[in-house]
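Remarks on the structure that follows.
The values are calculated or read from the model by the stated rules, or taken from the named source; none is laboratory data. Since we're looking at a predicted model, the values are computed, not measured. Please note: Cβ atoms are built from the backbone with ideal geometry, for glycine as well, and neighbour counts cover all protein chains shown. These accessible areas exclude ligands, DNA and RNA; they are computed on the full protein's heavy atoms, side chains included. Shrake-Rupley method; radii C 1.70, N 1.55, O 1.52, S 1.80 Å.
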Amino acid sequence: MTQFQPKDAGEAAETILWAGSERKSLEIRAGGSKGGLGRPMRADHVLDVSRLAGVVDYEPAELVLTARPGTPLKDIAALLAERGQMLSFEPPDWRDLLQGGGEPTLGGTLACNLSGPRRLRAGAARDFFLGFAGVNGRGEIFKAGGKVVKNVTGYDLCKLMAGSFGTLALLTEVTIKVMPRPETACTLLLPGLADEAAVALMAGALNSPHEVSAAAHLPAIPARRLGFADSALTALRLEGPAPSIAFRAAALQLLFGSGPRLDAPASEAFWRKIGEVATLLSLTGRVVWRLCPTPAAAPALVAAILERSPSAEHFYDWAGGLVWLSLDAAEAGPDAGAALVRTALKPLGGHATLVVASEEIREKVEPFEPEAPALSALTRKVKQGFDPYGALNPGRMREGA
């Protein structure tokens, strides 16, 4: 196995053109922090894009930043912080969750479309993806989108690339929208609610005029792991100018009850842990699922799973639109609980992703939600159009695709 390290888009295109002509496959790798996500690949060679790094252009007044895909997220965060700005989709760090190392990069985050707790208010990573340059599986360099926030250029290929896990093209340069950092923040903690009541409360808070930017519910076990009392916690985050936060917090407490309040530093640490997931769930000897149900149906989904798997652990993010679930691997069985989880989810709507499991299990069980026949046929046509020789990240999302 050869590891290619192109220094620019031209060298990357030459490598991919060679791989296609020789019917060889390439595993695209940048920081290496997400190698355990999706199906394990059996590529012939590695295309390491860590040298394709650095910020190309940053226009704070226009809220636009252009960088190469191997640029570490920590470098981008530091640069934006100097100008009082941030990545609003709050990219999570899953290194501990995936039990790997490496360094999260901008390209990898966009390719996997990873978003943190602010996603329910601000949008997903793909919603901030304005444009890119890339190389398809034929070794052809192409561009899509642009460097302006209001951009109308035909079919939105950025949305297609976000969440494609590098199976369609190699990103060589990306342009994203950035946002001003809030002046301050606080988090309201409401203790003791059952799952159903917590999800209803979070929906009410989001539908209020008080601009809640994140909402999560932790049952007693994950709450205790964060150092709180042995009681469930429902958390609501407020961001903005200090006088506004004071008014909105008081209004929410009148509506939903009072409880402890986290100041800005403690609030930031709290939501970082929510996004990282790892410290909230048991991981040793367990598999982890990421469920995205209809929020109102989330408690019923969890109850159905707990009935069959009493040792399961869970918590809610995105006001119930995201459920993290940890299952004992032995109890879950050889399919990692796929039949249990997907059967419970099917009548309620939504999808499930197997995030943490052994390579052996991730080869046998589809990590991503199985596609309907019509959608599967469309997926294959898109793959054929971008990567006809199957050179890029073979089988990362679907077997044989």
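Helix-derived [θ] at 222 nm for the chain: sum -39500 (n - 2.57) over DSSP H runs of at least 4, divide by residue count, nearest 500?
Computed ellipticity for the chain at 222 nm equals -9000 deg cm²/dmol.
Would you list which lysines come within 25 Å of residue 177, measuring only between C-alpha atoms, while excluding same-chain residues fewer than 8 positions from it?
34, 74, 143, 147, 150, 159, 273
Give me the 1.4 Å probe accessible area per residue for the range 292-401, excluding ligands and nucleic acids, in Å².
44 Å²
Of the heavy-atom accessible surface of the range 108-147 (probe 1.4 angstrom), what whole percent is carbon and sulfur? Kindly include the intermediate steps, with their values, before the conclusion.
Numbers: 550 of 1340 Å².
Carbon and sulfur together cover 41 percent of it.
Residues of the range 126-267: accessible area per residue at 1.4 Å, in Å²?
Per residue, the range 126-267 has an accessible area of 44 Å².
In a solvent-free Debye calculation with one equal scatterer on each Cα, what is log10 I(q)/I(0) for the chain at q = 0.06, 0.14, 0.15 Å⁻¹, listed in the order of the q values?
Once normalised to I(0) and log-transformed, intensities are -0.24, -1.30, -1.43.
Considering all projection directions equally, how large on average is the shadow of the alpha-carbon convex hull of the range 37-181, in square nanometres?
Its average projected convex-hull area is 9.2 nm².
Given the peptides 16-28, 163-175, arrange them by the average over their residues of other C-beta atoms within 10 Å, most packed first.
Taking the mean over residues of other Cβ atoms within 10 Å, the ranking is 163-175, 16-28.
For the chain, what's the relative contact order in percent, using C-alpha pairs closer than 8 Å and at least 6 residues apart?
Value for the chain: 19 percent.
Using a cut-off of 21 Å between alpha-carbon atoms, which lysines can reach residue 346, once sequence neighbours fewer than 8 places away in the same chain are excluded?
Of all the lysines, those that pass the test against residue 346 - Cα under 21 Å, at least 8 places apart if same chain - are 364.
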